[in-house]
Amino acid sequence: MEYKDYYEILGVGRDASQADIKRSYRKLARKHHPDINKDAGSEAKFQEIGEAYEVLKDPEKRAAYDKFGSNWEQGQDFRPPPDWDAGFEFSGASGGGASGFSDFFSALFGGSGPFQRGQGRSFARGGEDHHARIIVTLAEAYKGARKTFTLTRPTVDEQGRVKNKQHTITVNIPKGIAEGQKIRLAGQGMPGQHGGGHGDLYLEVSFADHSLFHVKKRNIYLTLPVVPWEAALGGKIECPTLSGSVHLNIPPNSQSGQKLRLKGRGLSSASHTGDQIVTLEIVIPPAKTDKEKEFYKKMAETMPLNPRQNMGGQ
């Protein structure tokens, strides 16, 4: 998708105050409003200006957008990095207003983005809830952990400029927590007004990539390489899990792609159980020497097999 330079679209610098951004938007919106400007492309330009203002008028959206820096140019091919929003706090209100905006806007602030996660509870005088995404390792999720995070909370200073204020929190990661679950920290959201209490801070859990395992819901998946004689003869082999190696029983005549289940070795808590699903992958030793090649020829004679016999002729 194309990168959108919202500052360039509104004709302001990256250090512009919120008042400067509002002033420029109003000027450009009047100039390009389709009811006033009948030139071809005025409606598209008006919509682009509205999209830029939707982001830059909001200190939280603006701070997240600024995270990518000024190294991108208007129209460049762009893909947001995975978990680009981790560690940023956002208010509970929905971003909204995305209808008709560009793919670039939707990728950052659309339906699965941080600004759509929480709809914030309605308090008469209480502070807004805040939401942030945190990244934990699979080992921390499997065993539970106490971990410190640094979060960034965008604020507006007296000059109307967005400043990023960092603060640290220490969180108990519950044993067996699943990806996408939220941890509630009561009273750590925005302060209330007129004596109202603070809102809450909700931390949505994401998992860091692991070199061996991947997760679906509460099940942990592993592809386990085996050699042909282990698959053919069966037996116990060592298999890694998040709690250490265990002996996995391989049935005789196992096939590549066959799945075996280790009960309770997934993301399990007091009320939920996850398993580890092991997929066998048969690794064929290469025949490099004459002796090795002769061994394969003898195998072909001793155990003839045509795995394509039911595929039919073409």
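The values are calculated or read from the model by the stated rules, or taken from the named source; none is laboratory data. Just so we're clear, the structure is a prediction, and the values are computed from it rather than from any experiment. Cβ: placed from backbone, ideal geometry, glycine included. Neighbour counts: every protein chain shown.
Brief remarks follow.
- Candidate set from segment 129-165 (those that are of a type in the set (S, T, N, Q) and modelled with pLDDT of 85 or more); member that is nearest to the chain's Cα centre (by Cα): T137
- Which numbered condition H214 fails, given (1) more than 30 Å from E281 (Cα to Cα); (2) modelled with pLDDT of 90 or more: (1)
A quick yes/no check of all residues on (1) surrounded by fewer than 14 Cβ atoms within 10 Å (Cβ to Cβ); (2) β-branched (V, I, T); (3) in a loop (DSSP other than H, G, I, E, B):
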{"position": "Q255", "(1), (2), (3)": "yes, no, yes"}
{"position": "L260", "(1), (2), (3)": "no, no, no"}
{"position": "S269", "(1), (2), (3)": "no, no, yes"}
{"position": "I284", "(1), (2), (3)": "yes, yes, yes"}
{"position": "A287", "(1), (2), (3)": "yes, no, yes"}
{"position": "E292", "(1), (2), (3)": "yes, no, no"}
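- Looking at A98, A124, just one residue is buried (at least 17 other Cβ atoms within 10 Å of the Cβ) and either under 29 Å from H272 (Cβ atoms) or modelled with pLDDT under 70 (or both), and that residue is A98.
- Between L28, L10, the distinction of being farther than 26 Å from R153 by Cβ, buried (at least 17 other Cβ atoms within 10 Å of the Cβ) and over 22 Å from the mean Cα position of the chain (by Cα) belongs to L28 only.
- Candidates L222, L248, L201: the one that is surrounded by 13 or more Cβ atoms within 10 Å (Cβ to Cβ) and farther than 19 Å from G266 by Cα is L201.
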